[in-house]
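The structure appears below as structure tokens.
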Amino acid sequence: MGQQQLLLLVLSTVIVGLATVAGIQAFSENQAQAAQDALVQRGTSIMSDVQGLAGKPAQMGGADLSSDKPSTVFDALGYDTPNSESQTPVEGASGTSNCVLETGNDGGSVDASFSGTPTAVAEVECIASNASQDVRVALSSDGDISTSFGDYR
């Protein structure tokens with residue numbers, strides 16, 4: 001009877017150990033997906049706000065994305081920029097994470113491209129140290145928003 005109990009105890013310990021490892025693995029995968037989702041949400045939210053701001057006349061507090069600096073746009077939208085005038089942190093993505101806004105005010109350095117004739121007038125690149133991919137959200141001259149994923153670091 002003692003050998004059966006010992007075998008049952010060892011078997012139980014192995015099963016609990018495997019379940020713990022599987023739980024840790026699932027948690028790590030979910031954490032990376034949550035960081036990715038936070039980047040997409042933040043980038044899309046920022047670009048939606050930029051799109052609304054660009055659609056307003058300057059007399060009503062709108063922005064001209066071809067001449068306004070990213071810091072001016074972030075200030076007009078009320079975003080916090082603690083580390084840089086063109087960066088805002090990403091809540092919900094742990095680790096080092098931020099979104100960088102680029103406008104056409106510095107000679108049209110917006111990297112994003114659209115198929116066809118419209119050109120990008122603004123873009124947001126969101127990166128996080130624990131996300132699987134970076135997110136780039138761009139606003140075209142036609143007012144369309146495009147999202148792409150990749151390694152932009």
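The values are calculated or read from the model by the stated rules, or taken from the named source; none is laboratory data. What you are looking at is a predicted structure, and each value in this text was computed from that prediction instead of being measured. Glycine also receives a Cβ, built like all others from the backbone with ideal geometry; neighbour counts cover every protein chain displayed.
Would you confirm whether or not region 53-69 contains a residue that is modelled with pLDDT of 85 or more and under 19 Å from residue 129 (Cβ atoms)?
no
Please enumerate the residues belonging to region 55-85 that are under 21 Å from the mean Cα position of the chain (by Cα) and not in a loop (DSSP other than H, G, I, E, B).
Selection gives 70, 71, 72, 73, 74, 75, 76, 77.
Considering 10, 50, 40, which residue is without any contact (Cβ under 8 Å) to a residue 24 or more places away in the chain and of a type in the set (A, V, I, L, M, F, W, C)? Quick ask: steps written out before the conclusion?
On the way: 50 fails: without any contact (Cβ under 8 Å) to a residue 24 or more places away in the chain; 40 fails: without any contact (Cβ under 8 Å) to a residue 24 or more places away in the chain.
Checking each option against the conditions leaves just 10.
Determine, yes or no, whether residue 22 is closer than 20 Å to residue 93 by Cβ and within 30 Å of the chain's Cα centre (by Cα).
Working: closer than 20 Å to residue 93 by Cβ: no; within 30 Å of the chain's Cα centre (by Cα): yes.
Considered against the rule, which asks whether it is closer than 20 Å to residue 93 by Cβ and within 30 Å of the chain's Cα centre (by Cα), residue 22 comes out as no.
Looking only at region 86-103, count how many residues are free of Cβ contacts under 8 Å to residues at least 60 places away in the same chain, more than 11 Å from the chain's Cα centre (by Cα), assigned to a loop (DSSP other than H, G, I, E, B) and surrounded by 13 or more Cβ atoms within 10 Å (Cβ to Cβ).
Final tally of qualifying residues: 1.
Among the residues of region 136-153, which ones are over 16 Å from residue 49 (Cβ atoms) and touching a residue at least 60 places away in the same chain (Cβ under 8 Å)?
Across region 136-153, the qualifying residue is only 136.
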